[in-house]
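Input: a single structure, listed below in structure tokens.
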Amino acid sequence: MSDSAPSDEELVATFRAKGEAHVLDMLIRRHVGKVQAMIHQMVPSRDDADDLTQEVFVRAIRGLGRFEGRAQFSTWLYRIGMNTVRTFLRQQKRSPLATESLADRADPRSVSPDEGMARNEVDGEIADAVGSLSPPLRSAIVLTVIQGFDAGEAARIEDCSPATIYWRVHKARKLLRQKLEKYLA
């Protein structure tokens, strides 16, 4: 490894060769925030999202021996994350409706009560609208719009073509515009 920060792939190779726990810690620290943010957008409760984040990293650590490097490590990790979320939602037999608004996560001292109520209403409507999307449409929006992945990377995570991601994002935005029409005027 060079003086600059090692790549994910270099860290994986080092961990495989030497089994050093600090190398694994570096990989986890590098990705835990984005994985957790993605999952928080996909599941209803913060507690479930935190549990699923831990499960994603446990699955990834157990599967490091099977990581072949055909995709970037981050792509492989996010695919594990999305598959873990889908499995959870199927097992729970509930819709992926977010029940926690963005305002609930903000510091309540930073806004006035009136602003907080207005923000809660809008955030609730947005969460309801996003939560009403089918899992593929919701995943496309979360990965591209919220997490900032380009269509190619989102397609690799979702195991589909970039054209499919573009279509899903287009369809999701159209549905969201319809559902949120009164707030967009």
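Among the residues making up the stretch 39-90, those that are charged (D, E, K, R) and part of a helix (DSSP H, G or I) are 46, 47, 48, 50, 51, 55, 59, 62, 66, 79, 86, 90.
Scan 156, 138, 173 and give me the residue that is over 25 Å from residue 84 (Cβ atoms), of a type in the set (D, E, K, R) and out of contact with any strand residue (DSSP E or B) (no Cβ under 9 Å at 6 or more places or on another chain). Within the list 156, 138, 173, the selection yields 173.
Here's the yes/no breakdown for (1) among the aliphatic types (A, V, I, L, M); (2) modelled with pLDDT of 90 or more; (3) under 15 Å from the mean Cα position of the chain (by Cα); (4) not assigned by TED's automatic domain parsing to the domain that holds residue 122:
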site: 156; (1), (2), (3), (4): no, yes, yes, no
site: 161; (1), (2), (3), (4): no, yes, no, no
site: 173; (1), (2), (3), (4): no, yes, no, no
site: 179; (1), (2), (3), (4): no, no, no, no
site: 183; (1), (2), (3), (4): no, no, no, no
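The set of residues from the stretch 60-108 being basic (Lys, Arg) and modelled with pLDDT of 80 or more comprises 62, 66, 70, 79, 86, 90.
All conditions in (1) touching a helix residue (DSSP H, G or I) at 6+ places or on another chain (Cβ under 6 Å); (2) at pLDDT below 85; (3) closer than 17 Å to residue 42 by Cβ; (4) in a helix (DSSP H, G or I) hold for residue 142, with the sole exception of (2).
Rundown of residues vs (1) buried (at least 20 other Cβ atoms within 10 Å of the Cβ); (2) without any contact (Cβ under 8 Å) to a residue 12 or more places away in the chain, yes/no style:
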residue	(1), (2)
58	no, yes
61	no, no
64	no, no
73	yes, no
83	no, yes
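Scanning the stretch 136-154 for residues that are under 12 Å from the mean Cα position of the chain (by Cα) and surrounded by fewer than 19 Cβ atoms within 10 Å (Cβ to Cβ) yields 145, 146, 147, 148. Here is the figure for the stretch 15-47: residues that are among the charged types (D, E, K, R) and under 30 Å from residue 136 (Cβ atoms) total 4. The residues in the stretch 146-172 that are farther than 17 Å from residue 133 by Cβ and among the charged types (D, E, K, R) can be counted, and the count is 4.
The values are calculated or read from the model by the stated rules, or taken from the named source; none is laboratory data. Note that the structure is a prediction, hence the values are computed from the model and not measured. Here Cβ is always computed from backbone atoms with ideal geometry, including for glycine, and neighbour counts include all displayed protein chains.
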